[in-house]
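The values are calculated or read from the model by the stated rules, or taken from the named source; none is laboratory data. Predicted model only: the values in this text are computed from it and were never measured. Cβ atoms come from the backbone with ideal geometry, glycine included; neighbour counts cover every protein chain shown. Side chains included, ligands, DNA and RNA excluded: accessible areas come from the protein's heavy atoms. Shrake-Rupley method; radii C 1.70, N 1.55, O 1.52, S 1.80 Å.
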Number of protein chains: 2
Amino acid sequence: MMMQTPLSDLAPGQILARGMARALSDLRYDSLPEMKLRPRLRADLMALGHKGEIWIIECKSSRADFRADKKWQGYLEWCDRYFWAVDSDFPTDLLPEETGLFIADGYGGEMIREAPFHKLAPARRRTITLDFARASARRLQQVCDPGGVGL
Amino acid sequence: MMMQTPLSDLAPGQILARGMARALSDLRYDSLPEMKLRPRLRADLMALGHKGEIWIIECKSSRADFRADKKWQGYLEWCDRYFWAVDSDFPTDLLPEETGLFIADGYGGEMIREAPFHKLAPARRRTITLDFARASARRLQQVCDPGGVGL
């Protein structure tokens, strides 16, 4: 029913995001790309673990891409752990030390540094989990029933 | 990237489920088909509202389909409200009165009778919402990246 998008049709950040989503699956985390947190703030990937742990992973394809990001600290209040995902050519010395790190490509990724744990407050976790659930189901429906009225 | 499945390729219950998912979208509920609750118990549709309300909707395409269902009361402990979805030819007198009812077809549906409200306990709601979130995201990833390793 569906054709896979070839890697050559994806932007560098999307290639990283695809491989990172696979790496997260290997770690038993289910992830959603482009998760909206509030107006003008979207996470490249948000992931949920089986105990409800919430991770955010920002994918940076280049030094310029990282330098242009003025808002990464804004993500910290929306997750228990915050990671970067970069490719193997990325100058990782640029990245702040108090964050987690994956090295990824279009096919997978590996955790290089665990992220510090800053546990979300229960009410915030409930809100984020519900938003994640609704956004995921809505997008799945849009893909499976693109003719749906009002979607 | 995706072709819609023609209605003629869907089983009667799937046709109802497609229209019901559209009806739920109209009511601002996001739904997931075939949601597994526990071994040997799946909901035809589970839906989440913006305050975290959880509905289950079972789609019955015929009298025989309804009569074969010995386990519908097992769904009640997994939702705040329980509904049937049937087509306009269904003998609705068969349905228990203390349940909600939609009349649906492949294109939409209408609520005929609101379901009684039995509020879930907070811990159960958290578990169901998390399971719904993870299942939705995992299926979306399977559709968007069918070549994903380990999916």
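I'd like to know which of B:Trp78, A:Ile112, A:Ile57 lies farthest towards the positive end of the charge dipole of the protein assembly as shown, counting +1 on Cβ of Lys and Arg and -1 on Cβ of Asp and Glu.
After comparing all options, I get B:Trp78.
Could you size up the charge dipole of the protein assembly as shown around its Cα centre, putting +1 on the beta carbon of Lys and Arg and -1 on that of Asp and Glu, and report it in debye to the nearest 20?
On the way: 44 positive and 42 negative charges, 164 e Å.
In debye, rounded to 20, the protein assembly as shown gives about 780.
If Lys and Arg each add +1 and Asp and Glu each add -1, what is the summed charge of the other residues whose beta carbon sits under 15 Å from the beta carbon of A:Ala68? Can you show the working numbers first?
Values: positive: A:Arg40, A:Arg42, A:Lys60, A:Arg63, A:Arg67, A:Lys70, A:Lys71; negative: A:Asp44, A:Glu58, A:Asp65, A:Asp69.
Here the count lands on +3.
Given the protein assembly as shown, what count of lysine pairs have C-alpha atoms under 16 Å apart, with each pair 8 or more places apart or on different chains?
Numbers: A:Lys36/A:Lys71; A:Lys51/A:Lys119; A:Lys60/A:Lys70; A:Lys60/A:Lys71; B:Lys36/B:Lys71; B:Lys51/B:Lys119; B:Lys60/B:Lys70; B:Lys60/B:Lys71.
Counting lysine pairs in the protein assembly as shown gives 8.
Quick check for me: using +1 on Lys/Arg Cβ and -1 on Asp/Glu Cβ, what's the dipole size of chain A about its Cα centre, in debye to the nearest 20? All intermediate terms of the calculation are to be shown ahead of the outcome.
On the way: 22 positive and 21 negative charges, 160 e Å.
Rounded to the nearest 20 debye, it is 760 debye.
Determine the dipole magnitude for the range B:1-75: charges of +1 sit on the beta-carbon of Lys and Arg, -1 on that of Asp and Glu, nothing else is charged, the reference point is the Cα centre, and the result goes in debye to the nearest 20. Spell out each step's value before the answer.
On the way: 13 positive and 9 negative charges, 69 e Å.
For this selection, approximately 340 debye.
Which residues make up the longest stretch of chain A clear of chymotrypsin sites (Phe, Trp or Tyr not before Pro) that lie in a DSSP loop with no more than 15 other Cβ atoms within 10 Å, not counting the sites?
Values: sites that count: A:Tyr107, A:Phe117.
Here the longest segment lacking exposed loop sites spans A:1-106.
Looking at chain A, send over the antiparallel percent of its DSSP beta bridges, to the nearest 5.
Working: 16 of 26 bridges.
Restricted to chain A, the bridges split so that about 60 percent are antiparallel.
Compute the relative contact order of the range B:73-151 as a whole-number percentage, counting only Cα pairs closer than 8 Å that sit 6 or more residues apart in sequence. Don't skip to the end; give the middle numbers.
On the way: 77 pairs, mean separation 19.9, N = 79.
Relative contact order for the range B:73-151 comes out at 25 percent.
Starting from the exponent 0.38 and prefactor 2.2 Å, build the expected Rg for the range B:43-94 from its residue count and divide its actual Cα Rg by it. Spell out each step's value before the answer.
Values: Rg = 11.9 Å, N = 52, 2.2 N^0.38 = 9.9 Å.
In units of the globular-protein estimate, the range B:43-94 measures up at 1.20.
Once you put a point 7 Å from the Cα of B:Gln4 and another 7 Å from the Cα of B:Glu110, both along the Cβ direction, what distance in nm separates them?
2.2 nm
Principal axis lengths of the range A:9-144 from Cα atoms, whole Å, largest first?
36, 35, 29
How high is the relative contact order of chain A, in percent, with contacts defined as C-alpha pairs under 8 Å that are six or more residues apart? Provide the component values of the computation, followed by the final result.
Details: 228 pairs, mean separation 31.2, N = 151.
Relative contact order here is 21 percent.
With Cβ to Cβ distances under 9 Å as the rule, what net charge do the other residues near A:Ser136 carry (K, R +1; D, E -1)?
Numbers: positive: A:Arg134, A:Arg138, A:Arg139, B:Arg134, B:Arg138, B:Arg139; negative: A:Asp30, B:Asp30.
Every neighbour counted, the sum reads +4.
How shielded is A:38-51 by partner chains, expressed as the average number of their Cβ atoms within 10 Å of its Cβ atoms? Present the calculation step by step, with values, prior to reporting the outcome.
Numbers: counts 0, 0, 0, 0, 0, 0, 0, 0, 2, 2, 5, 2, 3, 1.
Per-residue shielding by partner chains comes out at 1.
At A:Arg38, with labels set 7 Å past Cα in the Cβ direction, how many nm apart are the copies from this one, shortest first?
Computed spacing set for this position: 4.0 nm.
In Å², what does the accessible area per residue of the protein assembly as shown work out to with a 1.4 Å probe?
Details: 15180 Å² over 302 residues.
Ligands and nucleic acids excluded, the figure is 50 Å² per residue.
On average, how much area does the Cα convex hull of the protein assembly as shown cover when viewed from any direction, in nm²? Kindly include the intermediate steps, with their values, before the conclusion.
On the way: hull surface 64.7 nm².
Over all viewing directions, the protein assembly as shown projects a mean Cα-hull area of 16.2 nm².
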